[in-house]
Amino acid sequence: MRLSKAWIIALRDFKIFRRQRYVWYSLIIFPVIISILFPTVIQLVAVRTGGLPAARITMLLDAFSMFFVIGAAFVPLSIATYTIVGEKVEKSLEPLLATPLTDGEILLGKTISAFIPTLVAMSIGGIIFQVGMDVVTFPMLNYYYFPNWTIAVILLILMPAAIIMSVEFSVIVSSRVNDVRSAMSFGIVMFLPFMGIYLASELGLITLDIITLLLIAGVIFVIDVILFFVSTTMFKREEILTKWK
Amino acid sequence: MIDTANINQKFRCPSCGNIQFFSGSPGQQIFVVCSSCGAKGKITFPSTTADESTMIHVSHLKKVFGDLVAVDDLSFSVKRGEIFGFLGPNGAGKTTTIRMLCCLISKTSGSATIGGYEIGNKEDSIKIRKMIGLVPDNVGLSENLSAYDNLDFYGRIYDLTDAQRKENIQRFLEMLGLWEKRNVLVRTFSKGMKQKLAVARALIHNPEVLFLDEPTANLDPESAKTVRDFILELKKQKKTIFLNTHNLDEAQRICDRIGILNTTLRAIGTPQELEQSVSGKKTVIVLEQMNNVILNTVKKLPLKNLIQEGNQLTYDVIDPDKENSPVVETIVKNGGHIQSMNVVGSTLEDTYLKLVRK
């Protein structure tokens, strides 16, 4: 498998995304919301209550950080489903499959084209979130809470793993549906396990410390590998041309 | 070309990858044992062999989807620089055949080679895909990219240098009258422009063989003519062209040879050979007035495929001089007045309809 060939596909898809307004919206809206909304909420609550206890603030900041993982599960859905379903709608996969590219190179190219824009958008959102939170919480904590190891594990390990999982799942779903909306409806399932983890932490059932986060990341990586094999099984040119609806 | 001499066939061991050559007669099937690991395998020698002038060689090719036999026992050859047309109704297996030859789908049985490389062999498949260009029945362009970017993308896939890509893109877009629109998004193009761009895309890497699946379907006459003229231009450049169509007129105008397909290959030959092969000639007699007495008397004569349409009678003839005399006599005897009588050759359409209805 040649990475250079996969990269050619990804570059072509980036060019297409540049002209797709809804791809931009799907990439930008969520990171913007969480990176601006959460610091604003903390600020408003602090102003109303005359300041929050430090323990409560740090718990909230860790919990809010988990939203970058939840977002990573559904932000790439539209872009990932578009890369496959869009080609299905335009019927542009057949000439692509008639080139010397291997199935793996095409699949890898599609994965990269969904992974990189999402990672960039979410990472920028993560930086804005950390800066905003530090600005808002410094007067109450007397130190800058971010960056720390928790957010590092979330943004550098857990979030990319969750994006890959979402992209792989989208590829599988995309092979069975005909339009981007249907694919995205199925893809929303990806968001549920991470929402479950968030709620469990809020209910005090688990603590989102570094060890727990690394364990969750490990589980996601295993799921990534399984999904990759499932998606490569489904992404075979004969299947695409004769069985994909 | 039928070759009855013994031929060599490559055997790649499925277990250890060892390659051996075995000799056998065309069409023969033998069981072999790998000399390296002892694994057993089976070889089918192609029933015909290809010479150097053959670009595409197909032998007993078959494709089955579940219970549906899409293509069965297909055998033919296409020479280098030849325009070969596949004629057949919808569902005849034309697209399935192109997909098998382009290594997009697997064969169920039989064999085929493109430029000496074998379809179904993983390594050869990559080589085949490097030397072919495909225009599928749906053009399959990226609608949200410009014409230039569509071609540039494929040029990169085929490892063309920057200079080669620029040169080829400009050459083909100019030839097809699209250069001025190179930076316009494809989604704004007409069907004809898209079809032309798809042809340019298939040629961007200068392939030896071009597969065209219904290239002029749904095009207006002017666009269809541009595409046809371009195909004929490619023939001058010695490209081998494999064309699927159900447009008889198009096949007749541009193909050197035609195969008529309806799951199985029903006939193969030049357009002229096919016209003469099945139906022979027809006599067309036009009377001033047709009546039942004339018609019933003529019907009693031993005429093949007699058809009456208004005042016109049409029937098949092998020897017009011999067979037309009794008909004329019968008509005149029964008071008929003949306005005109013509002997016409059968058309490709007659042949086609007869063969696909078999």
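Quick one: in region B:106-122, of everything that is touching a strand residue (DSSP E or B) at 6+ places or on another chain (Cβ under 7 Å) and either within 13 Å of chain A (Cβ to nearest Cβ) or surrounded by fewer than 16 Cβ atoms within 10 Å (Cβ to Cβ) (or both), which residue is nearest to B:Lys42 (Cα to Cα)? This residue is B:Ser109. Within region A:130-139, one or more residues are away from chain B (no Cβ under 14 Å), touching a residue at least 12 places away in the same chain (Cβ under 8 Å), within 20 Å of the chain's Cα centre (by Cα) and over 30 Å from A:Lys243 (Cα atoms).
Considering only residues that are closer than 16 Å to B:Leu197 by Cα and basic (Lys, Arg), which ones fall in region B:220-250? Across region B:220-250, the qualifying residues are B:Lys225, B:Arg228.
Show me the helices (runs of 4 or more DSSP H) found entirely inside region A:86-187 where at least 1 residues are farther than 30 Å from A:Leu61 by Cα and touching a helix residue (DSSP H, G or I) at 6+ places or on another chain (Cβ under 7 Å).
Values: elements: A:87-90, A:93-97, A:103-141, A:149-153, A:159-174, A:180-187.
So the answer is A:87-90, A:93-97, A:103-141, A:159-174, A:180-187.
Of the residues making up region B:162-200, just one is within 14 Å of another protein chain (Cβ to nearest Cβ), assigned to a loop (DSSP other than H, G, I, E, B) and of a type in the set (S, T, N, Q), namely B:Asn183.
Quick check: anything in region B:128-145 closer than 25 Å to A:Asp103 by Cα, more than 14 Å from chain A (Cβ to nearest Cβ) and touching a residue at least 40 places away in the same chain (Cβ under 8 Å)? Show your work before the answer.
Narrowing region B:128-145 to residues closer than 25 Å to A:Asp103 by Cα: B:128-145.
Now restrict to residues that are more than 14 Å from chain A (Cβ to nearest Cβ): none.
No: region B:128-145 contains no residue that is closer than 25 Å to A:Asp103 by Cα, more than 14 Å from chain A (Cβ to nearest Cβ) and touching a residue at least 40 places away in the same chain (Cβ under 8 Å).
Suppose we filter B:Thr108, B:Thr44, B:Thr113, B:Thr95 for residues that are at pLDDT below 90 and among the β-branched types (Val, Ile, Thr); which single one remains? Steps first, please.
Details: B:Thr108 fails: at pLDDT below 90; B:Thr113 fails: at pLDDT below 90; B:Thr95 fails: at pLDDT below 90.
Result of the check over B:Thr108, B:Thr44, B:Thr113, B:Thr95: B:Thr44.
Being closer than 20 Å to A:Lys91 by Cβ, surrounded by fewer than 22 Cβ atoms within 10 Å (Cβ to Cβ) and more than 7 Å from chain A (Cβ to nearest Cβ) is a property that does not hold for B:Ser125.
Suppose we filter B:Val317, B:Val332, B:Val298 for residues that are surrounded by 16 or more Cβ atoms within 10 Å (Cβ to Cβ), more than 26 Å from B:Gln252 (Cα to Cα) and of a type in the set (Val, Ile, Thr); which single one remains? Full working, then the answer.
On the way: B:Val317 fails: more than 26 Å from B:Gln252 (Cα to Cα); B:Val332 fails: surrounded by 16 or more Cβ atoms within 10 Å (Cβ to Cβ).
Step by step, each of B:Val317, B:Val332, B:Val298 is checked, and only B:Val298 is surrounded by 16 or more Cβ atoms within 10 Å (Cβ to Cβ), more than 26 Å from B:Gln252 (Cα to Cα) and of a type in the set (Val, Ile, Thr).
Restricted to region A:1-52, and to residues there that are touching an Asp or Glu at 6+ places or on another chain (Cβ under 8 Å) and surrounded by 18 or more Cβ atoms within 10 Å (Cβ to Cβ), the residue that is farthest from the other protein chains (Cβ to nearest Cβ) is A:Ala6. Just so you know, in region B:335-348 the residues that are exposed (fewer than 14 other Cβ atoms within 10 Å of the Cβ) and within 28 Å of the chain's Cα centre (by Cα) include one that is farthest from B:Gln272 (Cα to Cα), and it is B:Val344. Residues of region A:113-128 include at least one that is within 26 Å of the chain's Cα centre (by Cα) and within 14 Å of chain B (Cβ to nearest Cβ).
The values are calculated or read from the model by the stated rules, or taken from the named source; none is laboratory data. Every value quoted in this text rests on a predicted model; they were computed, and no experiment measured them. We place every Cβ from the backbone using ideal geometry, glycine too, and count neighbours over all the protein chains shown.
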